[in-house]
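Nothing in this text is a laboratory measurement; each read-out follows from the coordinates by a stated rule. Owing to the predicted nature of the structure, the values given are computational and were not obtained by experimental measurement. A quick note on method: Cβ atoms are made from the backbone with ideal geometry, for glycine too, and the neighbour counts reach across all protein chains shown.
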Amino acid sequence: MIKTKIFADANLVIGQADKNLYGSFLEHIGRAIYEGIYEPGHPSADENGFRRDVIGLIHSLNVPIVRYPGGNFLSGYNWRDGIGPRENRPVRLDLAWHTTEPNEFGTDEFMKWCRTVGVEPMMGVNMGTGTVKDAAELVEYCNHAGGTAISDLRRANGAEEPYNVRYWCIGNEMDGPWQIGHLSADEYGKKALEAAKVMRWTNGETDREAPNGRLRLIVSGSSNHEMDTFPEWDRVVLEHTYDQVDYLSMHRYYEYSEDRKRPLEDFLGSADDMNEYINTLKATIEYVRAKVRSRKRVGISFDEWNIWTQAAPRTEPLWKRAPHLFEDVYTFRDALVFAGLMNTLLNNCDAVGIGCLAQLVNVIAPITTKKGGGTLKQATFYPFELLSNAARGATVRTFSDSARFESMFGPARYINEAVNYDREKGTVCVSVCNYAQSDAETEIELRSFGALKAEEYYEMTNADLAAVNTFASPDTVLPQKKDLPAVKDGSRVSLRLPAMSWSFLKFSVQKAKA
Ligand code: AHR
C-alpha cells in the first residue's frame, strides 16, 4: 500500500480548458471514412449514407471539432477529386497508405456530416504535392459567398451558403521523410507563410478587416519528439510564420512493447513524457515570440495523440479499397495510459488549445464498426467519454507527493491527476490514475471551491492488464460505478485507489465561497 496526498485550490488556475481539447480526427485511411462514418445501405445510414449508430457514439464522446482529411493522406490529396457529381470523380492511388481512394466522400460530404453531427470542421491543406494556389482555392471553395468560378462551383455542387470553415491545418507532418513531398524546415516555413498569407487574403482578411472572422491557422510542428530535427524544426518554422499563424501542431503516439527493458513502466511513463514534450514546445514558442518581438502567443494544437501499436504487421494487400488498417484493439492497460495522457492535456490547457484524438472511427480509434453490422466501444472510449462530458472549465493546479518510478523517459509519477473546476455549472471533476502495483491510500483536498458533494464516482480496474472489449464480449473493460465517498468538511475525501486503476469523481459545489 502506498499513501499519497493530492491538494488543489480553486484559485490556482492553470487556464481554461478549451472545449476543442476534446477534438478528434478522421482521415481517408483504412475504414475510417468508408464503413466507418459513411456506409450507404447500412441499416442505420441516413439519406446521405452517414451511419447514425456511429453518430450516436460520437455524441456520447461529446466531440466538438474534427480534423480532416489527413494525416499523411493529405499530402497527396487533390481536393478537386472529391467534389462534384460522384460518377465523375476519379479513383486514385493513395500513396500514403497504398490503398485505392474512390473519392466518393469529399469536402462537401464532410461539411454535411459535420453539420449533421454538430461538430466544427478542422480542414487541412496539402503542402506536399499541393501548391499555395490549391490551398487558397480550397479556402475560396469553402468560405467565399459566390460570384467567382470556384465559389460558384460549390454552389453548383449544392451548397449555396459558404461553409465558413475557421480552423485550417497548413499541411501535415512535413518534417517526416515518410511524408509525400517532405520538406526541410526552411522550405516548409517559407511555403507555409505564403499559404497562410493567401489563405487569409482569400478569406477577406486585411490588416484592418476580417468580415467573416479570422481563420485559425495551424502550422505543422514536429511529428514527434524523437525526430532528429526536433525541436529545431519547430523553431525555424515558427520564425518564418509566427505572425501569420495561431497554433503550432504537435503529434505523439505511445505504445506498449514487450521488447523494451521495462515494458510496463516504459509505457506508464507516457503521460509524464507527453508533459515534457509539451513543455519543450512551450519554451520554443516563447523563445520565438521573444525573437520576432511579437505580442501574441501562438498556442499548441496537439492534433494527433493516442496509443498506437505501430509494430503490428500489415495483413491487407496493397491498393485495396477501405482495407482493415491499424484497427488497434485497446487493452485495459492502454486505457490507463490514455487517461493519463488526457490528464496531461488538461494540465497544459494554458498552451494547448486544441487536442485531436487520432483517430475517431476504426483506425486507432475508440469506436469500431462492422461492415453492415454493429459498433463497439473500445476500452479507451470510456475515459474520453467521462472526461469530455465533465472535465470542463478551468484546470486548477494540483500538488501531490506521489512517489516516482523509473521509465525509459526518466522518473514518472505513480499518481497522475487533473482537477477541473467549472464555475458556471458549479462542478469539480477529479481524474486520477494509480500506476503503482499496489493500492494507494489517497487523501484529496479540494480547497476554496465551497462545500462539495460527491455526485459521481467511477473506477476502471482489471486483474488482466491485457483485457479488451470485443464484439463477442463488449463489456469486459468498463468503468464501474462506486459508492459515493464522504466529503469531510466539504473538501476532503479519502479514497483507496486500486493498484493499476483510473478513477473519476465529480462533485457539485453546494455553497460558493465569497
Ligand atoms: O493517424 C495516423 C497517421 O499518423 C497520420 O496520417 C499521420 O499524420 C501520423 O503519422
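Annotations
- A Cβ-based charge dipole, computed about the Cα centre of the stretch 18-390 with Lys and Arg at +1 and Asp and Glu at -1, lands at about 540 debye.
- Converting phi to 3J(HN,Hα) with the Karplus coefficients 6.51, -1.76 and 1.60 and the offset θ = phi - 60°, the stretch 410-419 yields x, x, 10, 7, 5, 9, 10, 9, 9, 10 Hz in sequence order, with x at every glycine or proline.
- Residues of the stretch 234-258 with amide N under 20 Å of a point placed 7 Å along Cα→Cβ from residue 464: 256-258
- Computed 3J(HN,Hα) for the stretch 496-507, one whole-Hz value per residue from the Karplus formula 6.51 cos²θ - 1.76 cosθ + 1.60 where θ = phi - 60°, is 10, 8, x, 3, 6, 8, 10, 10, 10, 10, 10, 10, glycine and proline marked x.
- Out of every Cα-Cα pair that the stretch 18-390 contains, those further apart than 31 angstrom amount to 32 percent.
- Spacing of the two label points (7 Å from each Cα toward its C-beta) at residue 423 and residue 316, in nm: 4.8
- Cβ-derived FRET efficiency at R0 60 Å, residue 397 paired with residue 78, nearest 0.05: 0.80
- Spin-label model, residue 488 to residue 45: label points 7 Å out along the Cα-to-beta-carbon direction sit 6.0 nm apart.
- When the Cα positions of 146, 201, 505 are compared along the charge dipole of the chain, 505 comes out farthest toward the positive end, with charges on each C-beta of Lys, Arg, Asp and Glu.
- Protection proxy ranking, highest mean first, for peptides 352-360, 387-395, 87-95: 352-360, 387-395, 87-95, where packing is the per-residue count of other beta-carbon atoms within 10 Å, averaged.
- Label-point separation, residue 11 to residue 445 (7 Å along Cα→Cβ), nm: 1.5
- Packing around the peptides 118-129, 195-206, 471-482, taken as the average count of other Cβ atoms within 10 Å per residue, puts them in this order, highest first: 118-129, 195-206, 471-482.
- Qualifying lysines (Cα of each under 24 Å from Cα of residue 320; at least 8 residues distant if same chain): 370, 371
- Seen against the Cα atoms of the chain and their longest principal axis, helix 52-61 is set at about 50 degrees.
- Cα pair distances exceeding 19 angstrom across the stretch 406-514, given as percent: 51
- Working note: 222 nm ellipticity from helices only, DSSP H runs with n ≥ 4, each -39,500 (n - 2.57), summed and divided by the residues of the chain, gives -7500 deg cm²/dmol to the nearest 500.
- With 22 Å as the limit on Cα-Cα distance, the pairs of 5/488; 133/291; 453/481 that go past it are 133/291.
- D by Stokes-Einstein for the stretch 1-94, Kirkwood Rh over Cα pairs, 37 °C, 0.692 mPa s: 194 µm²/s.
- Aspartates and glutamates whose Cα lies under 13 Å from that of residue 261, excluding same-chain neighbours fewer than 8 positions away: 406
- To the nearest ten degrees, helix 232-241 and the longest principal axis of the Cα atoms of the chain are 50 degrees apart.
- Considering only the chain, percent of DSSP beta bridges that pair antiparallel, nearest 5: 60
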